[in-house]
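Each reported figure results from applying straightforward, stated rules to the coordinates on display, with no laboratory input. Not measured: the values here are computed from a predicted model. Note: ideal-geometry Cβ built from the backbone for every residue, glycine included; neighbour counts use all protein chains shown.
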Amino acid sequence: MRVKVFLSLFLTILLITPGFAANCGGAISCSCGYFLNNSRTLNGSDNLTNCSGTALIINASDIILNCNGTTISGNTSGYGINLTNYNNATIKNCIVMNFSNGIRLYNSSDNNLTNNTVNDNNYGISILSSSNNNQITNNTANNNSNHGIYLYSSSNNTLTNNTINNNSENGIRLYNSSNNNLTNNLANDNNMGIYLYLSSNNQLINNTANNDINGIYLYYSSNNIVYNNFFNNTNNFNFVGTNQNHWNKTKQNGTRIYTNGTQIGGNYWTNPTGTGYSDTCKDYDNDDFCDEPYNLSTGNIDYLVLTNKIANLNLIPSWNNSHNYTGNKTWSAGTTEDENTTRNLFINLNQTKTFNFTINNSGDTLLYNLIQINSTNLTNTANSSLALNFTSIILSNNVSEGELGHLNITIEPPANSSYLGNYSGWIYLQSSNGEPYNYLNLTLNITVTNQTLPRFDTTNNVYYINSSNNSTHATFEAYFYDNQSIGKFWNTSKIYNFTLKNSTGTAIQTVSFSVDSNGLFSANINTTDATEGNYTLFGNATDEAGNFVEINSSFKLLYNFNLDITTDPVIIVKGFPFDFSVNVSKLGNFTAENVSVCLDWAGTGLNHSNLNNCTSVGDINGTNSGLAVWNFTGIEHANYTINVNVCSEDGGFNYTEQKEVIIRYGTLKITWKTEPPTDVDKDSEFYVKVYVNNTGNLNLTGVLVDITYSTSYFTQISGSDLSCDDCDEIFAGGMCDSCYWKLKGTTTENDRNIKVTATGNNATEDNEDKNVDINTPSTSSGDDDFGTNTYYGISFIKPTSSFLYIAQGGTFDLEVKLKNTGNTKLNDLYLTLSGLDSDYYSITPSVEDDLSSSNYEEYTIHFSIPEDFEAKNYDLVLKAISDEKEKEKSITLTVKQKDLEVYEVTDLNITQGESGTLTFYIKNTGEATLHNVYPALTGISSELFEINSSDTTTLYKDDIKYYAIKFTIPNTEAYGAKEINLTIASNEINISEQLTLTIIPSKEEKTTINDSYDELVAQLKVILNKLEKAKNENKNTSSIISGIESANLTLAQIEEYISNGNYAEAKNLIANLDTELNSMSSEFENLETVNNNSALLIIAVVAFSVMLVGVVVVYTFLPKKGYTPGKGYTVTSKKSSLEQSIKNIFKKLGASRNVEEKLRKKKLTEWKKWYKNETKKRKY
């Protein structure tokens, strides 16, 4: 066994590096191909340039590799830095170039890649095969010939602040990877900026995809969250088979990826010509978001598209040519056409404020030479010694016709409350050619205030009660008095309390708000005793700058609707009607009046017979529900998401829920298993065999496979009926290959058609056909040599197909049959194969042999394809060679990638006497078909579980198979954790997943354990009583006292196990402690009497101890029994004061140690000292 392990390890090393690999790390320098076994900072002594193969292999967990700016270079093969099966490593400050993979992680998690430059490789950074929870930060991956950063089957990774530009394929590619976070990354000038392939539940935030061929590409990827990204590409997005993704968050405060504005929501969509959706959309309400959503594709809508910031205060020069002036310009502030205007504005304490004015030249000539003069500051109107300075004034010099200019005025922040009051100042603007006024006197009246404006985040001043946790979540912001920006001077570590009052004005609870760095106040209001109705939040708070918020805000607390959405029947077939029912109910004492239920869905594959998509269900309250029913018919088989919106007439109650409806239908697909030959000799026999696949989503019945041909040219020798019903039932995703026919050509003719057709109930039909030439055997065909008396001919009878499919790591035997179609013997005939290395196949027989006329020679070519063989097409040529004649046949060998994934395997907790079910599914994520696929469990008795489908199945590419394993745990089964191995096996590949089945003891067993614990407590109390008696009799009880200390600790551990639900551990300790206490109790009979001058003191102490024990007994609590969801039955008992009682007893007993005990310790110390000295003497 050790030899096998050594050889396996040795071969692995040889595959990684071409030569012997040494170790480095710590103070040992590294060279090409070395294993890094300890952390190291590289320097000039390391030699990692021009490496052939892999440069550096990290060979342990917890390694820190600091390249310190060192360049690691290769010759296009191997990996720059390879990390396989190790975790918690740090790779930083490295420059890696010219490798197949710059930095490669395989099955490695919790690692950190920081400040690395990985350019000019095939792949930049690769995170592969269950490499999870890695941090990829501040790296550069440019000019790689494939992908910049590549994630394959890896989850929960974070990519932050990376630059991924000018890569030939994808900047960032996620393949079958979920729950990853991509934030603040630059992906410019790539083929595709960001590519999600079979990847769902990822977050993409604050990323830039600029000048890529495709900005973001989603292939069968769903439920990803993509917001606050900047897309500037000719094609910003592309979708293939993708379901719903989320392209915006709820409108909230934040820093935009592009353009001004204080709120974020969706993404910015532009293009190189500046005519993207964000550039051209309407924003009539000036909220910096497009008024209409951006529909990217079905199920993919950006509802909060970012657009440009619009100024909030305007100075508008207005032009009018009808007055025959050079520029007839009027300055105004949007209200008057006058050379003088006044603006009354507000600023809060410590607020930095810039007032933005827009100059709109709507005339037909240039407005030029704009200048400004100002009053230097704003002076307090009541105290001229107080002033606020202009810290910045920016003015456009010239404004072209039809364009905008700007006047931006920044004012010094008021430092404290002494600046409260009114201030006034002025700015004088002048132009060279404005008519009839070429100047503007702008007066600024500024009020410095410490008041803020609370703004609650509710719709219609309604908060809805969450009935699952009896609370409602309330949020608000305190806006500065300009009502434009949020105050952020609040103490984020402080709690701000406000009072909640009911409709009668009675205070019912204190609501504690926390505040975050963006100024958002949030709190959970306890609604346990609340009823529906009107409430008021009252109180005030002051920020760190002295600004205050005063709240006296009313709102309603309501229970929203509960929806029960069902379909009848549950399995819906295309073309058949089904009922879609929505039952609407609600809790509480308020009535939702005239409630409407409305449906909305994307696509045209669903029709219903109702008059419209909305229907009324009347009034809904705590005692009255309403039912709405639509009769649908699915006309296209697909998955549909139906949005169900329920709303009362006044809008006070509004709730939306989604229901997925699957319209099922079968899709039959025929492929040749044994294709009819292109040509065949008259009276020669051949097979016709087909695969019939159901690629739809409905299990099919009544499947018939028909073969049609002209009986004038063919006759059937054997096989299935002409209308074959052997494939009567085919499951969704399944296949049948039971139908075949053996035919014979009967009449010489060209292009005679053979056709196979598959039909079934509720399925689309399919067919395959082939034209066959029937030849006369005595006539040479094609390139056969013939004359008047002698001719030579070779024909390939098998294989009939020109295509061969083998999975990676698979084997296949190809049958080859040759026929001598001439009239003369062929001498020294043999078979060769080209186009594939001979290491991967063998031909039997391999010797030369003669073949007489009209006779056959059969060969077997055994293919054996390695696991790592490249998956692609290989052009092979079969060649039959004799002394007289040669014949070739071309075959395409397709080596298919194989891969199998299992999803949604979770740990289970099941109580004794109960059952539980594990549901999961598997998916063929490779290219190869997987045969005889089945699940198996080890680590648990087969009597405890049942798999819903134990039959083997065939999985084609992208096929999914669902399984359910029901566990039934008897009361007699031992409780505790069982480590179970779930194996998914097939002919081609096996994978395993680990799960933990925790068997929770039954209610009765928990009660027994708690009773046993209480018996141990009582048993220890008996021992304490015996201890008291032994002390009175002047016995040596030192061993008993030590045992009591140990027993007390064990009791505490047992109680902790019971509290945490670890009953198996508690039971083991109870058994051990019971033995110890019985042994301790029997020791009292053998205790020896000691001479103790302090006997009276001990008697007093023991008497006191007895009193303590009595107190313990009186205050011992009885156990309580109950059922806890998720943990089964839980039995607990309140902790007694036994532990403290024992401590007090020991404290009293310690005071009674006699003189002999002290003398014994002194003698022991002297002996240890003597022994130590004697040991030293012998040593020297």
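Taken one residue at a time, the phi angles of the stretch 115-132 give Karplus couplings (6.51, -1.76, 1.60, θ = phi - 60°) of 6, 9, 10, 10, 10, 6, 10, 6, 10, x, 10, 10, 10, 10, 6, 6, 8, 10 Hz. Gly and Pro are set to x. Secondary structure note: in the stretch 665-777, about 85% of the DSSP beta bridges are antiparallel. Counting every alpha-carbon pair across the stretch 782-896, the share separated by more than 26 Å comes to 24%. Take every Cα pair under 8 Å whose residues are at least 6 apart in sequence, average their separation, divide by the length of the stretch 561-664, and the relative contact order is 33 percent. Straight-line reach from Lys488: taking Cα to Cα under 13 Å and skipping same-chain neighbours fewer than 8 places apart, the aspartates and glutamates in range are Glu477, Asp516, Asp543, Glu544. Structural descriptor for the stretch 452-558: relative contact order 31 percent, calculated from alpha carbon pairs under 8 angstrom and at least 6 residues apart.
For Asp706 and Ser854, what is the calculated FRET efficiency with R₀ set at 45 Å and r taken between the beta-carbons, to the nearest 0.05? Working from the Cβ atoms, E equals 0.85.
Compared with the alpha-carbon gap, the fully stretched path from Asn260 to Asn383 is longer by 40.6 nm at 0.36 nm per residue. With 32 Å as the limit on Cα-Cα distance, the pairs of Lys742/Lys889; Lys923/Lys1006; Lys755/Lys798; Lys744/Lys885; Lys689/Lys879; Lys673/Lys923 that go past it are Lys923/Lys1006. Couplings for the stretch 155-160, taken from phi via the Karplus curve 6.51 cos²θ - 1.76 cosθ + 1.60 with θ = phi - 60°, read 10, 6, 9, 10, 10, 9 Hz in order; Gly and Pro are left as x. The packing ranking, built from the mean of other Cβ atoms within 10 Å per residue, places the peptides 385-392, 1081-1088 in the order 385-392, 1081-1088, highest first. By the Kirkwood approach, averaging reciprocal distances over each pair of separate Cα atoms, the stretch 623-666 gets a hydrodynamic radius of 13.0 Å.
Averaged over residues, the count of other Cβ atoms within 10 Å places the peptides 722-732, 460-470 in the sequence 722-732, 460-470, highest first. The orientation-averaged projected area of the convex hull spanned by the Cα atoms of the stretch 207-268 comes to 4.3 nm². Ranked by the mean number of other Cβ atoms within 10 Å of their residues, highest first, the peptides 845-855, 700-710 fall in the order 700-710, 845-855. By the count of neighbouring beta-carbon atoms within 10 Å, fewest first, Ser177, Ser153 end up ordered Ser153, Ser177.
Structural size metrics of the stretch 900-1000, computed from C-alpha coordinates, are Rg and Dmax of 14.3, 47 Å. Each of Tyr856, Tyr1057 was scored by other Cβ atoms within 10 Å of its Cβ. Arranged with the fewest first, they read Tyr856, Tyr1057.
Arranged from fewest to most other beta-carbon atoms within 10 Å of their beta carbon, Cys614, Cys67 become Cys614, Cys67. 3J(HN,Hα) along the stretch 47-60: 10, 10, 10, 6, 6, 9, x, 6, 7, 9, 10, 6, 10, 6 Hz, from the Karplus curve 6.51 cos²θ - 1.76 cosθ + 1.60 with θ = phi - 60°, whole Hz, x for Gly and Pro.
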